[in-house]
Amino acid sequence: ILNVEQSPQSLHVQEGDSTNFTCSFPSSNFYALHWYRWETAKSPEALFVMTLNGDEKKKGRISATLNTKEGYSYLYIKGSQPEDSATYLCARVTKAAGNKLTFGGGTRVLVKP
Amino acid sequence: DVKVTQSSRYLVKRTGEKVFLECVQDMDHENMFWYRQDPGLGLRLIYFSYDVKMKEKGDIPEGYSVSREKKERFSLILESASTNQTSMYLCASKATGYNEKLFFGSGTQLSVL
């Protein structure tokens with residue numbers, strides 16, 4: 001994988017259902033992976049910053065895992081609510097890139113009541 | 001409350017005009033970034049700055065320049081606006097460190113006619 005890729009590009013979830021989606025990235029030269037949530041008409045906000053292989057982070061009903069050896073991270077939403085509707089962005093930081101974050105295309109989540 | 005402020009939420013300009021997008025942060029961050037967001041392409045880095053008067057090209061710098069005369073302010077300049085620069089522009093800042101998260105402004109939706 002040459003770039004940061006997110007799949008699917010969009011998904012519709014019924015309220016109350018759980019869902020998950022993927023961020024894939026080159027495993028070489030890895031330093032950190034960021035997850036951001038971007039709600040319509042608002043600024044993107046950081047959810048998690050993950051650095052270690054096997055890291056798991058949790059914030060309310062949202063959690064994330066990280067596999068740096070195979071180059072992927074999963075974001076999970078448990079019991080989706082309408083307020084979870086947003087675009088979720090992941091970004092990779094490499095040692096070579098200094099402070100630069102390279103973003104994936106995002107996964108747009110729409111939770112239907 | 002920490003803040004990244006972008007001068008305009010919506011902007012309409014004519015082809016060939018010189019356009020200035022301003023960004024101010026109040027967190028004393030060393031690093032500031034300009035991204036553009038286009039559907040399906042995620043956030044793409046245009047330029048970033050790691051100190052006053054210091055700048056580095058991002059992934060898509062063509063047609064843009066930047067200015068950072070003061071630590072809190074980072075300006076994006078479109079020397080001669082073109083229709084393919086119609087996009088959402090996001091400014092962000094962060095402290096130095098790979099684990100430090102980005103703080104975003106609310107974005108400027110620029111339309112070039």
Could you list all residues from region B:88-111 that are surrounded by fewer than 20 Cβ atoms within 10 Å (Cβ to Cβ) and outside any loop (DSSP other than H, G, I, E, B)?
B:Met88, B:Gln109, B:Ser111
Please work out which residue is nearest to B:Ser67 (Cα to Cα), limiting yourself to region B:82-106 and to residues that are small (Gly, Ala, Ser) and within 7 Å of another protein chain (Cβ to nearest Cβ).
B:Gly105
Residue list for region B:4-16, filter: more than 15 Å from the chain's Cα centre (by Cα) and either surrounded by 13 or more Cβ atoms within 10 Å (Cβ to Cβ) or in a strand (DSSP E or B) (or both):
B:Val12, B:Lys13
Counting only residues in region A:1-24 that are of a type in the set (Gly, Ala, Ser) and not in a strand (DSSP E or B), the one farthest from A:Thr65 (Cα to Cα) is identified as A:Gly16
Go through region B:25-51 and count every residue that is over 15 Å from the mean Cα position of the chain (by Cα) and hydrophobic (A, V, I, L, M, F, W, C).
2
In region A:96-112, what count of residues is obtained for those that are surrounded by 20 or more Cβ atoms within 10 Å (Cβ to Cβ) and at positive phi?
1
Would you say A:Gly54 is in contact with a Phe, Trp or Tyr (Cβ under 7 Å, 6 or more places away or on another chain) and of a type in the set (Gly, Ala, Ser)?
no
Within region B:41-53, considering residues that are within 13 Å of chain A (Cβ to nearest Cβ) and either part of a loop (DSSP other than H, G, I, E, B) or among the aromatic types (Phe, Trp, Tyr) (or both), the one surrounded by the most Cβ atoms within 10 Å (Cβ to Cβ)
B:Phe48
The listed residue being among the acidic types (Asp, Glu), assigned to a strand (DSSP E or B), more than 13 Å from chain A (Cβ to nearest Cβ) and within 13 Å of the chain's Cα centre (by Cα), out of B:Glu22, B:Glu56:
B:Glu22
Subset of region B:14-45, residues in contact with a helix residue (DSSP H, G or I) (Cβ under 9 Å, 6 or more places away or on another chain) and farther than 30 Å from A:Leu11 by Cα, comes to B:Thr15, B:Val19
Could you say whether any residue in region A:67-80 is of a type outside the set (Ser, Thr, Tyr), free of Cβ contacts under 8 Å to residues at least 40 places away in the same chain and more than 14 Å from chain B (Cβ to nearest Cβ)?
yes
Search region B:89-101 for residues that are within 16 Å of A:Ala91 (Cβ to Cβ) and touching a residue at least 40 places away in the same chain (Cβ under 8 Å) and pair each with any residue that is of a type in the set (Lys, Arg) and part of a loop (DSSP other than H, G, I, E, B) when their beta-carbon atoms are under 7 Å apart and the residues are at least 6 apart or on different chains.
B:Lys94/B:Lys101
Check off (1) surrounded by fewer than 19 Cβ atoms within 10 Å (Cβ to Cβ); (2) within 10 Å of another protein chain (Cβ to nearest Cβ) for B:Glu69 and give me the number that stays unchecked.
(2)
Inside region A:25-95, counting only strands (runs of 3 or more DSSP E) that do not spill past its ends, which hold 1 or more residues that are on the phi < 0 side of the Ramachandran plot and buried (at least 18 other Cβ atoms within 10 Å of the Cβ)?
A:30-38, A:45-50, A:62-67, A:72-77, A:86-94
Of all residues in region A:23-59, which are under 27 Å from B:Trp34 (Cα atoms) and away from chain B (no Cβ under 14 Å)?
A:Pro26, A:Ser27, A:Ser28
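Bear in mind these aren't lab numbers, they're just calculated from the coordinates by the rules spelled out. Source: prediction; values computed, not measured. Virtual Cβ from ideal backbone geometry, glycine too; neighbours counted across all protein chains shown.
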